[in-house]
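The values are calculated or read from the model by the stated rules, or taken from the named source; none is laboratory data. No experiment lies behind these values; they were computed from the predicted model shown. Virtual Cβ from ideal backbone geometry, glycine too; neighbours counted across all protein chains shown. Surface accessibility is based on the protein's heavy atoms, side chains included, excluding ligands, DNA and RNA. Shrake-Rupley method; radii C 1.70, N 1.55, O 1.52, S 1.80 Å.
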Amino acid sequence: MIELAPLMPMLMVWAPVLALGALVAFYTFRAWRKEHSRAMLALGSGFLLLSIVPGTLWFGLYLSTDDAFMAELGCAAMMSAGFVAIVYALRTRFA
């Protein structure tokens with residue numbers, strides 16, 4: 001049986017990140033659907049990779065491996081991909 005008490009501090013830290021990341025991603029994807037802008041699609045994908053994916057990945061990896069270092073390593077990789085998507089959205093000229 002998994003003990004959830006040690007996860008409460010991490011849950012309290014990740015909950016606002018997940019909520020705010022979902023909100024920002026929702027608005028960017030909504031703008032993408034309205035304007036069909038690839039920049040908005042890349043921006044929304046970047047925010048998903050910065051918030052939702054690392055948050056769920058951290059808990060998934062930690063609960064499956066019980067190794068906080070591996071969970072953090074997976075989060076860092078996803079966050080790096082998110083920053084790449086955001087830089088792509090900001091620096092690429094879209095027609």
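How far apart, in nm, are two points set 7 Å out from the Cα along the Cα-to-Cβ line at Val84 and at Glu3?
The two pseudo-label positions are separated by 3.9 nm.
Relative to a virtual label point 7 Å from the Cα of Met10 in the Cα→beta-carbon direction, which members of the range 18-60 show backbone nitrogen distances below 13 Å?
54-60
Express in nm, to one decimal, how much length is gained between Leu23 and Glu35 on full extension, taking 0.36 nm for each residue of separation and deducting their alpha carbon distance. Can you show the working numbers first?
Values: separation 12, 0.36 × 12 = 4.32 nm, distance 1.85 nm.
Value of the extension gain: 2.5 nm.
At 1.4 Å probe size, with every protein chain present, just tell me what the per residue accessible area of the chain comes to in Å².
Details: 6540 Å² over 95 residues.
Ligands and nucleic acids excluded, the result is 69 Å² per residue.
Given an 8 Å cut-off on Cα distances and at least 6 residues of separation, report the relative contact order of the chain as a percent.
Details: 101 pairs, mean separation 28.0, N = 95.
Computed value for the chain: 29 percent relative contact order.
Could you give the length gained by full extension between Ala76 and Leu57, i.e. 0.36 nm per residue of separation minus their alpha carbon distance, to one decimal place? Don't skip to the end; give the middle numbers.
Numbers: separation 19, 0.36 × 19 = 6.84 nm, distance 1.03 nm.
The span from Ala76 to Leu57 would gain 5.8 nm if fully extended.
For the chain, what D do you get in µm² per second when you plug the Kirkwood radius from alpha-carbon pairs into Stokes-Einstein at 4 °C and 1.567 mPa s? Numbers along the way, then the final one.
On the way: Rh = 14.2 Å.
Approximately 91 µm²/s, per Stokes-Einstein.
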